[in-house]
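Below: the structure, in C-alpha cells.
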Amino acid sequence: MPKTEYNQPKLRPGEIDRPDIGIEAERILGLLLRADPMMNATNRRRYNDHAIRAIEDVIRAFVLAHDFENERYRYLKEMWAHIAVFVRLIRIIGETNAIELQPKHESMTPNLMKLELMNHIARMEEGALKWKRSIEKQIYGTRARPSSRDGGSNPENKGDPTP
C-alpha cells in the first residue's frame with residue numbers, strides 16, 4: 001500500500017499522537033486567506049502576510065515532526081516556537097482590529113471571523129501542549145514542576161534563589 005500524507009507515525013513509548021494540530025493549523029490558514037479581503041491594504045501587508053507565513057511555518061514544523069521520528073523532538077520544539085510567535089502576532093491583529101471590513105461576497109462577518117480564528121488557535125495550542133507534555137513525560141519520566149528545577153524544593157536553600 002502506498003504511503004499517503006495520512007500515515008500513522010511510529011510513536012515512542014508513552015507518546016500520544018496529536019494530528020489535530022495539523023488540521024487546526026490548516027483551518028487557521030484557510031481562515032486567514034478568507035480574512036485577507038476583510039483588511040485594508042496596509043493591514044494586509046503589516047499583519048496578514050506575516051500571519052500566513054507564521055502558520056505555514058507551524059504546518060511545516062508539524063509535518064516534519066510527524067514524519068521524522070528520529071528528529072521529532074527537535075521539530076516539535078521548532079513547532080512550539082512557531083506557535084508562540086503566531087499567537088503573539090494574532091494577538092496584535094486582534095488588538096489593532098485589523099479584521100474590520102465586510103466584503104460583499106463573504107458570508108462571515110469580521111467579528112465571527114475573529115471568533116473562529118480564536119477557537120481554532122485555542123484547539124491547536126491545546127493539542128501542542130498535550131503533545132509537549134507527553135514528550136516531556138517520556139523524556140523526564142514525570143512532569144517536572146518549576147520548584148524542582150530551580151532548587152526551591154531543596155531544604156538547604158529553602159526556596160531562596162541566591163546561593
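The residue that is surrounded by the most Cβ atoms within 10 Å (Cβ to Cβ), among those in segment 7-46 that are touching a helix residue (DSSP H, G or I) at 6+ places or on another chain (Cβ under 8 Å), at pLDDT 90 or above and small (Gly, Ala, Ser), is ALA25. Kindly establish whether HIS50 is without any contact (Cβ under 8 Å) to a residue 40 or more places away in the chain and closer than 17 Å to ILE23 by Cβ. No: the conditions fail for HIS50.
Has segment 32-50 got any residue that is part of a loop (DSSP other than H, G, I, E, B) and in contact with a Phe, Trp or Tyr (Cβ under 9 Å, 6 or more places away or on another chain)?
Filtering segment 32-50 down to residues part of a loop (DSSP other than H, G, I, E, B) leaves 39-40.
Restricting the remaining residues to those that are in contact with a Phe, Trp or Tyr (Cβ under 9 Å, 6 or more places away or on another chain) gives 39.
Yes: one or more hits.
Residues of segment 36-54 that are under 19 Å from GLU125 (Cβ atoms) and out of contact with any Asp or Glu (no Cβ under 9 Å at 6 or more places or on another chain): HIS50, ALA51, ARG53, ALA54.
Being touching a residue at least 24 places away in the same chain (Cβ under 8 Å) and part of a helix (DSSP H, G or I) narrows it down to one residue among LEU129, LEU117, LEU101; which is it?
Going through LEU129, LEU117, LEU101 in turn, the sole match is LEU117.
So which of SER134, SER153, SER147 ends up being at pLDDT below 80, farther than 18 Å from ILE23 by Cα and part of a helix (DSSP H, G or I)? First the steps, then the outcome.
Working: SER134 fails: at pLDDT below 80; SER153 fails: part of a helix (DSSP H, G or I).
Sole residue among the options that is at pLDDT below 80, farther than 18 Å from ILE23 by Cα and part of a helix (DSSP H, G or I): SER147.
Only residues that are among the β-branched types (Val, Ile, Thr) and crowded, with 18+ Cβ neighbours inside 10 Å were counted across segment 60-72, and they come to 0.
Of the residues GLU78, GLU56, which single one is in contact (Cβ under 8 Å) with a residue 12 or more places away in the chain and surrounded by fewer than 18 Cβ atoms within 10 Å (Cβ to Cβ)? It would help to see each step written out before you state the result.
Details: GLU78 fails: surrounded by fewer than 18 Cβ atoms within 10 Å (Cβ to Cβ).
Result of the check over GLU78, GLU56: GLU56.
All told, ALA128 falls short of being among the small types (Gly, Ala, Ser), at pLDDT 90 or above and touching a helix residue (DSSP H, G or I) at 6+ places or on another chain (Cβ under 8 Å). Considered as a group, the residues in segment 19-43 that are free of Cβ contacts under 8 Å to residues at least 60 places away in the same chain and small (Gly, Ala, Ser) include one that is farthest from GLU56 (Cα to Cα), and that residue is ALA41.
The values are calculated or read from the model by the stated rules, or taken from the named source; none is laboratory data. A quick note: this is a predicted structure, and the numbers were derived from the prediction, not measured. Neighbour counts are summed over all protein chains in view; Cβ atoms, including those assigned to glycine, are modelled from backbone coordinates with ideal geometry.
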